[in-house]
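Step one of this worksheet: look at the structure below.
Each value in this text was obtained by applying a stated rule to the coordinates, not by laboratory testing. Predicted model, so just to flag it, every value in this text is computed and none were measured. Every residue, glycine as well, gets a Cβ built from its backbone with ideal geometry; the counts of neighbours run over all protein chains shown.
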């Protein structure tokens, strides 16, 4: 009995409510289309962020703001400034976004509405958070590829784009490698050997690079000295240029002298050899006398004034003592003789004659 009464009571209340609704509707002219709809995702406890995008033409008003697929806010306003779109994001106050967060325009489905996906960076405890009124600049915002861009990219890839390039590349590789398998294998083997050698000599290569580094450091430390040398080079070059003629004349004379000495050695080689051989024998003979040659010169120095005084006087008186004197006239009378000044003059004349021949070859008189 009670259950039936409650059902009847409920039905009566529904009928009264319906009648009241119809009366209100018919009296005020209110329709379903005019009823206000709640805005998605909005709440009274929220804060606003501003995001700057290069282009937000497909972003609708009241678009969703999501983090990891979860809705955290809505787009409350879109305006333009300096050819850029400034979007106001109303985010639930319980969501903490650290500085460095990014915003990207995305589409859930190819024909779906565009929404804004927020991403948090990896942060350490104590990182500063975004507050009401902060702005995400162009460096923090981006736009994902739209359906139109995706279709254009696919069309370009298949119609003369990447697929056609890959086909052309495959045909070119086939024309290059076709029938040249052994050559290609040999090339790969050689390249492998070269790479192996480089790997084995990596320590030497590192050493060379270190030496270059050291050289570069030395040059850097000697920068001032090198600059001074570079400053003095123009003066040195100028001095050489001024004396260019003199240097050329000197080189010409040296060339002439060298040629003359060469001609003399070619034409008078036997005579020069004989002269040098006689000089060698004379020096050996003088060396063989040892101290006796010095004693002979001392005694000749003592004997010379006496001989001169004897020749100048009316009488001939010479007193001379010779001991340990080896003279070829005494020891070998048959083949030897006394040495006189003529022998020394002949020796000096021979040397003078050789020097005159050399001078004649140098000056060109005998050429």
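Miscellaneous remarks
- Note that region 68-216 shows a convex hull volume over its alpha carbon atoms of 317 Å³ per residue.
- Rough spin-label spacing in nm, given labels placed 7 Å along Cα→Cβ, for residue 128 and residue 142: 2.4
- For 236, 156, the sequence from fewest to most other C-beta atoms within 10 Å is 236, 156.
- Gain on full stretching of the segment that runs from residue 219 to residue 109 - 0.36 nm per residue minus C-alpha separation: 33.2 nm
- Counting DSSP beta bridges with both ends in region 52-189, the antiparallel % (nearest 5): 80
- Dimensions of region 180-242 along the principal axes, based on C-alpha atoms and rounded to the nearest Å, stand at 66, 29, 11, largest first.
- Our note on the geometry: Cα centres of region 61-89 and region 97-161, 11 Å apart.
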